[in-house]
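Structure, as structure tokens:
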């Protein structure tokens, strides 16, 4: 598990959770390459493709985005969280726990892929839109010193859809490639976030 929690690729069911995962292991890069190549092949008129290693690395990194980072980035926009950025009132050593109502968190990843055939670029780059929706139940956020240090969840339901957008004028246009059905995602009772994720001050 990464310091930011279980990666999005596990939540989407693309791979199994494993310990000591880093963003660019050979397994995650192979996962990303296979995932992207299979999706590209769904676009009409594209057959044998070669995906740039740099783009594969970008996609692998996107899929390894930690759940903790996704959740906290969304929670950091909420007033009941942002007020704890005040170090004078809520500074260390005290830890403050905030319980949140059930809510949805949405995350969109848009890696871009340049399709190549025999080392020649084919057309304009293709932008993939991976839109994930996570329904959070019973969230508890633990805050110390203006940083979210850990969180716990009673449950999460995950669904996602993947589309591809090609530049205007392309016969492919925008293609909806696949949809991940909603699935329950089991997480540990508490997910530590290492040194924590800072909370921005209230706007």
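In the list 114, 107, which residue meets the criterion of being in contact with a strand residue (DSSP E or B) (Cβ under 9 Å, 6 or more places away or on another chain), crowded, with 17+ Cβ neighbours inside 10 Å and at pLDDT below 85? Write out each step before concluding.
Details: 114 fails: crowded, with 17+ Cβ neighbours inside 10 Å.
Exactly one residue qualifies, and that residue is 107.
The condition of being crowded, with 16+ Cβ neighbours inside 10 Å, at pLDDT below 75, under 19 Å from the mean Cα position of the chain (by Cα) and part of a strand (DSSP E or B) holds for only one of 160, 164, 132, that being 164. Number of residues in segment 95-104 that are out of contact with any strand residue (DSSP E or B) (no Cβ under 7 Å at 6 or more places or on another chain) and surrounded by 13 or more Cβ atoms within 10 Å (Cβ to Cβ) equals 0. Return the residues of segment 99-123 that are outside any loop (DSSP other than H, G, I, E, B) and within 23 Å of the chain's Cα centre (by Cα); say none if nothing qualifies. Matches in segment 99-123: 99, 100, 103, 104, 105, 106, 107, 108, 109, 112, 113.
Would you confirm, using the coordinates I've provided, whether residue 158 is touching a helix residue (DSSP H, G or I) at 6+ places or on another chain (Cβ under 6 Å) and more than 16 Å from residue 193 (Cβ to Cβ)?
Working: touching a helix residue (DSSP H, G or I) at 6+ places or on another chain (Cβ under 6 Å): yes; more than 16 Å from residue 193 (Cβ to Cβ): yes.
Criteria met by residue 158.
The values are calculated or read from the model by the stated rules, or taken from the named source; none is laboratory data. All values derive from a computational prediction rather than experimental measurement. In this analysis, Cβ positions are derived from the backbone assuming ideal geometry, glycine residues included, and neighbour counts consider all displayed protein chains.
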